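**Student:** One structure is given below, represented as structure tokens, and several questions about it will come after.
The values are calculated or read from the model by the stated rules, or taken from the named source; none is laboratory data. These numbers come from a predicted model, not from an experiment. Counting neighbours? That spans all protein chains shown, and the Cβs are built from the backbone with ideal geometry, glycine included. Surface areas here come from the heavy atoms of the whole protein model, side chains and all, with no ligands, DNA or RNA. Shrake-Rupley method; radii C 1.70, N 1.55, O 1.52, S 1.80 Å.
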Amino acid sequence: MKNFVFSNQTRILFGKGQIANMTAEIPDDAKILLIYGGGSIMTNGIYDQVTDALIEYEYHEFSGIEPNPSYEKCMEALDLIDEFEIDFLLAVGGGSVVDAAKFIAAAAYYNGEDPWEILARNEEIDDAIPLGVVLTLPATGSEMNGNSVITRNEYKEKLSFSSPLVMPVFSVLDPQVMATLPKIQVANGVVDAFVHVIEQYLTYPANAKVQDRMAEGILLTLIEEGPKVLQNQRDYHACANMMWSATMALNGLIAAGVPQDWTTHQIGHEITALHKVDHAQTLAIVLPGVMKVMQSAKREKILQYAERIWGITGNNEETVLQQAIDQTVAFFESMGLKTRLRDYSIPASTIDLIVERMENRGDINIGENQLVGVDEIRKILEVRS
Ligand code: NZQ
Ligand code: ZN
């Protein structure tokens, strides 16, 4: 295990009715910008719960954040922030709304030319508006981390940044909000969280027993509870277990001291940027390709994964490795996600384009051993065509 510093400053308010309690976390004199998406919170009662809780506060609203939130939309919030001297952001939504709020929080105090530089050049930020979250879709882990992924539509670029300054001050996780999720969003959430765990686990052994077993615990919980939530979105305990799994999957805990491999996410973001495929669906396409093409570098951990997650053992290691990949694909498909490029009508020409874009941006020689170069990226996509 490598040396590490672990801290996480987000306070979690978990459980039924917790939206009403969030005001204890917001300064009394805060001027709040309430940020939300396309309107699902209007029809499922979450907007009413939030505005009831904010009754004593001065708040303004900024809505219409899209899935895969855009730079262009986020920038529209900056005038409102100036006009009303906003000093607290409240994101109410899924990962897209939370990520948008984080970018807005950083962009509002950015001193350079264009806040896009925070994403395009990894420009450090030195201040951000504090933000709180009411999560409506468990998937990304954005509610308890400092990451944000933003798309610039004009350039078809989907890029991320990370800063402790945009970690939510608090996040409300009430599993009851999941009752109104479209089934495809439940499936997306399970698969996104699953792949987050895999990318911090399926690398090489680091003698990090606690991190491995926590990762395996989250994977097993997602495999057990994900289908239950799909069956019945009012099963409170299944929803609660799925929600907490997604948060724990990407809040830094299982990443502490271990190698990581974000190849699947990096390639996946290219697919979304070019073809607007949902984030988790890109992961369902790419991960099996990463497992296949990089299987010799990941051999020991894939064998561990095969045995501890799927109960697959045997003398023929090649067969076990293939069965682990097949089980992973079967799980994604059982949740309702398709796993091949052709299932989303993505043409073969996209493979060349992705390789070229990643090479031009310098997003090559990635993965836990920097072994994923141009040829590997191409092969990963080709085996998933
Ligand atoms: O816009 P509204 O009307 O709210 O509808 C949303 C949206 O259409 C709907 N929805 C959310 N909660 C609902 C609901 N509908 C009914 N009832 C509810 N309770 O679901 C749709 C999808 O929402 P979105 O926020 O886009 O989904 P998700 O949470 O999967 O977020 C995806 C975004 O997060 C990024 C992805 O790249 C993508 O842009 N990620 C962020 C990460 C992070 N910050 O750490 C890590 C992830 O790997 C990921 O990259
Ligand atoms: Zn993800």
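**Student:** Those residues that are within 16 Å of ligand 2 (Cβ to nearest atom), open to solvent by 40 Å² or more (accessible area, probe 1.4 Å) and over 15 Å from the mean Cα position of the chain (by Cα), I need them from region 157-202; list them, please.
**Tutor:** Within region 157-202, ILE184 is the sole residue that qualifies.
**Student:** Starting from residues that are within 16 Å of ligand 2 (Cβ to nearest atom) and surrounded by 24 or more Cβ atoms within 10 Å (Cβ to Cβ), keep the ones in region 132-144 and report whichever is nearest to the chain's Cα centre (by Cα).
**Tutor:** Across region 132-144, the extreme among qualifying residues is THR140.
**Student:** What is the residue count in region 55-85 for residues that are under 17 Å from SER142 (Cβ atoms) and open to solvent by 60 Å² or more (accessible area, probe 1.4 Å)?
**Tutor:** Number satisfying all stated conditions: 1.
**Student:** Within region 276-303, which residues are free of Cβ contacts under 8 Å to residues at least 40 places away in the same chain and either within 16 Å of ligand 1 (Cβ to nearest atom) or buried (at least 23 other Cβ atoms within 10 Å of the Cβ) (or both)?
**Tutor:** THR282 - this is the single residue of region 276-303 that is free of Cβ contacts under 8 Å to residues at least 40 places away in the same chain and either within 16 Å of ligand 1 (Cβ to nearest atom) or buried (at least 23 other Cβ atoms within 10 Å of the Cβ) (or both).
**Student:** Follow-up question, since we're still on this one. Restricting attention to region 248-257, does a residue exist that is under 19 Å from the mean Cα position of the chain (by Cα), closer than 21 Å to SER96 by Cα and part of a helix (DSSP H, G or I)?
**Tutor:** Within region 248-257, one or more residues are under 19 Å from the mean Cα position of the chain (by Cα), closer than 21 Å to SER96 by Cα and part of a helix (DSSP H, G or I).
**Student:** One residue is enough: does region 232-245 have a residue meeting the conditions at pLDDT 95 or above, open to solvent by 50 Å² or more (accessible area, probe 1.4 Å) and under 28 Å from ASN360 (Cβ atoms)?
**Tutor:** Scanning region 232-245 turns up no residue that is at pLDDT 95 or above, open to solvent by 50 Å² or more (accessible area, probe 1.4 Å) and under 28 Å from ASN360 (Cβ atoms).
**Student:** Could I ask something else about it? Which members of region 327-379 meet the condition of being without any contact (Cβ under 8 Å) to a residue 60 or more places away in the chain, more than 22 Å from the chain's Cα centre (by Cα), surrounded by 14 or more Cβ atoms within 10 Å (Cβ to Cβ) and under 24 Å from LEU159 (Cβ atoms)?
**Tutor:** Within region 327-379, ILE351, VAL355, GLY373, ARG378 qualify.
**Student:** Report, by residue number, each residue of region 304-325 that is open to solvent by 80 Å² or more (accessible area, probe 1.4 Å) and either among the acidic types (Asp, Glu) or on the phi > 0 side of the Ramachandran plot (or both).
**Tutor:** Result: GLU307, GLU318.
**Student:** To continue, here is another question. Among the residues of region 67-79, is any modelled with pLDDT of 95 or more, more than 16 Å from ligand 1 (Cβ to nearest atom) and farther than 20 Å from THR151 by Cβ?
**Tutor:** yes
**Student:** Restricting attention to region 275-286, does a residue exist that is more than 17 Å from GLU199 (Cα to Cα), out of contact with any strand residue (DSSP E or B) (no Cβ under 7 Å at 6 or more places or on another chain) and of a type in the set (Ser, Thr, Tyr)?
**Tutor:** No.
**Student:** Cβ-Cβ below 8 Å, separation at least six or inter-chain, first residue in region 148-171 and aromatic (Phe, Trp, Tyr), second surrounded by fewer than 17 Cβ atoms within 10 Å (Cβ to Cβ) and in a strand (DSSP E or B): which pairs?
**Tutor:** Final answer for the pair search is PHE170/ARG11.
**Student:** Next question, about the same structure. Inspect region 209-232 for any residue being more than 8 Å from ligand 1 (Cβ to nearest atom), closer than 26 Å to MET358 by Cβ and touching a residue at least 24 places away in the same chain (Cβ under 8 Å) and give the result as yes or no.
**Tutor:** For region 209-232, residues more than 8 Å from ligand 1 (Cβ to nearest atom), closer than 26 Å to MET358 by Cβ and touching a residue at least 24 places away in the same chain (Cβ under 8 Å): absent.
**Student:** Give the residue, chosen from GLU113, GLU143, GLU117, GLU85, that is within 17 Å of SER163 (Cα to Cα) and either aliphatic (A, V, I, L, M) or more than 16 Å from ligand 1 (Cβ to nearest atom) (or both).
**Tutor:** GLU117
**Student:** Oh, and also: Inside region 1-39, can you point out the residues that are under 24 Å from LYS73 (Cβ atoms), part of a loop (DSSP other than H, G, I, E, B) and open to solvent by 40 Å² or more (accessible area, probe 1.4 Å)?
**Tutor:** Once the filter is applied, which keeps residues that are under 24 Å from LYS73 (Cβ atoms), part of a loop (DSSP other than H, G, I, E, B) and open to solvent by 40 Å² or more (accessible area, probe 1.4 Å), region 1-39 yields only GLY38.
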